[in-house]
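Only one structure is covered here, and it is reproduced in the block below.
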Amino acid sequence: MNETEALEFFVVQTQAFTETLASQRGCQGLIDSLLSQAFSSFDGNVALDAAGLPEIACRKGCATCCTLRVTATAPEILLIVRYIRWTGLADSRLNLTKRVIKADQSTRGMDETQRVKLKRPCPFIMRGVCAIYPVRPLACRGHACYDKHACLEAAAGKVGRIPISEPHSLFRSLIQNAMQSALRDAGYAWASYELIQSVKIGLDGEHCAASWLRGEDVFASARIEDVSLEEMGHTFDRIKLQSL
Ligand code: SF4
Ligand code: SF4
């Protein structure tokens, strides 16, 4: 996919999210609809774009990369929080809430490099697998590679290139950014947030979904602004103007 095709895809995907947001404004089902759209678009487009490329090495139980910082949008976080409650993962026996609190205490405010050095596994890794796999965010879906030994070497601090899957990485960015652009236009909080801290906020509060649906930025303290919201907003506007 060249740059023009990528921009066209972004515009079409933004429009699709905009239509969903308009048809289900303020409804409880909005979060599910947006993410069902995002995940199925991701799966379908990666499959098309990766046709003919080697198979990726990522498998259930391969979690070397699950020490990296993960960012997610508010709908993704709200879905994860609901899933944790619904599946009983937050109950006292499984104690996921306690794991999230402890992980947040040791990683809060750390950047990518600091987390790689710390090597602390994501709190959602339970018995070697991701406990929230069906609802994992686009950031996790989009991190895929062709050589798990390269991931192990990188985690051990050896310098080397990880052969990542470009289709996974590209469609993760395009779809996440398109959703953010549509959320921004519709007046919802549209930043990206650090996963562990924001899930902790979600598990602490009973009414996060309702507050976000009213337009509140419930995860504001967990915002990640490697690129400022202002700069991202200008870029979204520029792409939209070019496409008219
Ligand atoms: S990116 Fe590497 S460590 Fe992560 S699941 Fe894929 S092969 Fe395993
Ligand atoms: S959410 Fe799941 S896939 Fe993502 S980093 Fe955590 S354990 Fe790994």
Farthest toward the dipole's positive end in the chain, which of LEU152, VAL81, THR113, given Cβ charges of +1 (Lys, Arg) and -1 (Asp, Glu) about the Cα centre?
LEU152
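When every alpha-carbon pair in the chain is counted, what percent end up more than 27 Å apart? It would help to have the intermediate numbers written out before the result.
Details: 10760 of 29646 pairs.
When all Cα pairs of the chain are counted, 36 percent exceed 27 Å.
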Suppose a student asked you for the relative contact order of the chain, using Cα pairs under 8 Å spaced at least 6 residues apart; what percent would you report?
30 percent
What number comes out for the charge environment of GLN28, summing +1 per Lys or Arg and -1 per Asp or Glu over other residues with Cβ under 15 Å away?
+2
Of the listed peptides 64-71, 41-48, what is their order by residue-averaged count of other C-beta atoms within 10 Å, with the highest listed first?
64-71, 41-48
What order do you get for 123-135, 225-237 when each peptide is scored by the mean count of other beta carbon atoms within 10 Å, highest first?
123-135, 225-237
Of PRO163, VAL12, ASN177, which is farthest towards the positive pole of region 3-243's charge dipole, taken about the Cα centre with +1 and -1 on the beta-carbons of Lys, Arg and Asp, Glu respectively?
PRO163
Which order do the peptides 83-89, 196-202 take when ranked by the mean count of other beta-carbon atoms within 10 Å per residue, highest first?
196-202, 83-89
Please identify the cysteines of the chain that lack any partner cysteine with a Cβ under 4.7 Å from their own Cβ.
CYS27, CYS58, CYS62, CYS65, CYS130, CYS140, CYS145, CYS151, CYS208
GluC sites (Glu not before Pro) restricted to region 1-91 and DSSP loop, no more than 16 other C-beta within 10 Å:
GLU55
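Every number in this text was worked out from the coordinates using simple rules, so none of it is lab data. Everything numeric here is computed off the predicted structure, so don't read it as measured data. Cβ coordinates were reconstructed from backbone atoms using ideal geometry, including for glycine residues, and neighbour counts include every protein chain displayed.
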